């Protein structure tokens, strides 16, 4: 197939690399001219995915026209805060019969829209697939065995993406619960920030295990309230991605949380980081979505208080541990 990847961050570049290794032609759109130049001249994205050799099947461009026109498969991998603008700008050049893949994780501020909803709105009339699961870009690019999930209301579209991306090192499962897959992928980033904060204040593995488990309960509670399937949160997009992002040393969200837990302000924790910590962006919209759905999410609420309201991380731990006692399972 002819494929376009819109967004040349680490994840977009890793997906472009997988598609090229599967013998698809790939045009990769990048916002940064230096990224375009490095990919085309040096066969490497030295800014966002250094060290990963890129096939000659990949060509980079800063033009939406050059990247998207005529593509059978269009992968959106831009940061969540820019996805709507980028999808809108590229829509004119996307073929009417193209399959759209949304590899961005998040909940849009203001509208509280999921990422597939944004793409469906800005590039209407195409089949849309959400791509999520436990996957550090550098490990995917290095050929480390990885399993992810492609979710769509269209079985054919999910299957098309599954076949395009699956390889000896990347296994793609199909799913129909788009809402569950997207919410899980967005909310786990907030939980990873929380886990980093717990680590940053000096707490140990018991505390981390408790937070991950209760975080999963919060994610599931909101998902079910919004029509998702409970089982989705026990799968790759839920538990799988949550464990990876909360424990992995490559997790940007966990790293930000660690710095905040050690006493850094949010501005200080984010300073100098080239890549986006989506959990910070998503925390506020996740809290707003939970309130709109009338779902209790104390961890999400506490992350917001720490990041944006100056609440001391150490005090937060004590407050969370002394909340009113309750059953483990929701009635």
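Within segment 168-175, is there a residue that is assigned by TED's automatic domain parsing to the domain that holds residue 83, outside any strand (DSSP E or B) and surrounded by 18 or more Cβ atoms within 10 Å (Cβ to Cβ)? No, segment 168-175 contains no residue that is assigned by TED's automatic domain parsing to the domain that holds residue 83, outside any strand (DSSP E or B) and surrounded by 18 or more Cβ atoms within 10 Å (Cβ to Cβ). Here the condition is being in a helix (DSSP H, G or I) and over 22 Å from the mean Cα position of the chain (by Cα); of 60, 41, it holds for 41 alone. The set of residues in segment 103-125 that are crowded, with 18+ Cβ neighbours inside 10 Å and either part of a loop (DSSP other than H, G, I, E, B) or not assigned by TED's automatic domain parsing to the domain that holds residue 89 (or both) comprises 103, 104, 105, 106, 108, 113, 123. Residue 297 falls short on exactly one of the conditions (1) at pLDDT 95 or above; (2) under 20 Å from residue 81 (Cβ atoms), and that condition is (2). Could you say whether any residue in segment 214-222 is part of a helix (DSSP H, G or I), touching a helix residue (DSSP H, G or I) at 6+ places or on another chain (Cβ under 6 Å) and closer than 30 Å to residue 2 by Cα? Checking segment 214-222: not a single residue is part of a helix (DSSP H, G or I), touching a helix residue (DSSP H, G or I) at 6+ places or on another chain (Cβ under 6 Å) and closer than 30 Å to residue 2 by Cα.
Kindly indicate which of 209, 225, 186 is under 21 Å from residue 109 (Cβ atoms), surrounded by fewer than 24 Cβ atoms within 10 Å (Cβ to Cβ) and modelled with pLDDT of 95 or more. Steps first, please.
Working: 209 fails: under 21 Å from residue 109 (Cβ atoms); 186 fails: surrounded by fewer than 24 Cβ atoms within 10 Å (Cβ to Cβ).
After ruling out the rest, the residue left standing is 225.
Checked against (1) outside any helix (DSSP H, G or I); (2) within 22 Å of the chain's Cα centre (by Cα), residue 324 meets all criteria but (2).
Suppose the filter is surrounded by 15 or more Cβ atoms within 10 Å (Cβ to Cβ), in contact with a helix residue (DSSP H, G or I) (Cβ under 8 Å, 6 or more places away or on another chain), outside the structural domain of residue 245 (by TED's automatic domain parsing) and part of a loop (DSSP other than H, G, I, E, B); does residue 100 pass it? No. If you check residue 239 against the conditions, is it touching a helix residue (DSSP H, G or I) at 6+ places or on another chain (Cβ under 7 Å), in a helix (DSSP H, G or I), outside the structural domain of residue 136 (by TED's automatic domain parsing) and without any contact (Cβ under 8 Å) to a residue 24 or more places away in the chain? Criteria met by residue 239. Taking the numbered list (1) touching a strand residue (DSSP E or B) at 6+ places or on another chain (Cβ under 6 Å); (2) free of Cβ contacts under 8 Å to residues at least 24 places away in the same chain; (3) assigned to a loop (DSSP other than H, G, I, E, B) in turn, residue 135 passes all entries but (2). Checked against the criterion of being out of contact with any strand residue (DSSP E or B) (no Cβ under 7 Å at 6 or more places or on another chain), outside any loop (DSSP other than H, G, I, E, B) and in contact (Cβ under 8 Å) with a residue 40 or more places away in the chain, the candidates 276, 267, 300, 295 yield just one match: 300. Pairs linking a residue in segment 71-87 that is within 12 Å of residue 115 (Cα to Cα) to a residue that is at pLDDT below 95 and surrounded by 23 or more Cβ atoms within 10 Å (Cβ to Cβ), with Cβ atoms under 7 Å and 6 or more positions apart or on different chains, are 80/278. Reported count of residues in segment 12-37, each being surrounded by fewer than 17 Cβ atoms within 10 Å (Cβ to Cβ) and within 20 Å of residue 86 (Cα to Cα), is 4.
Only one of 179, 193 is touching a strand residue (DSSP E or B) at 6+ places or on another chain (Cβ under 8 Å) and in a helix (DSSP H, G or I). Can you tell me which? Exactly one residue qualifies, and that residue is 179.
The values are calculated or read from the model by the stated rules, or taken from the named source; none is laboratory data. What you see is a predicted model; the values in this text were computed from it and never measured. Positions of Cβ are backbone-derived with ideal geometry, glycine not excepted, and every protein chain shown enters the neighbour counts.
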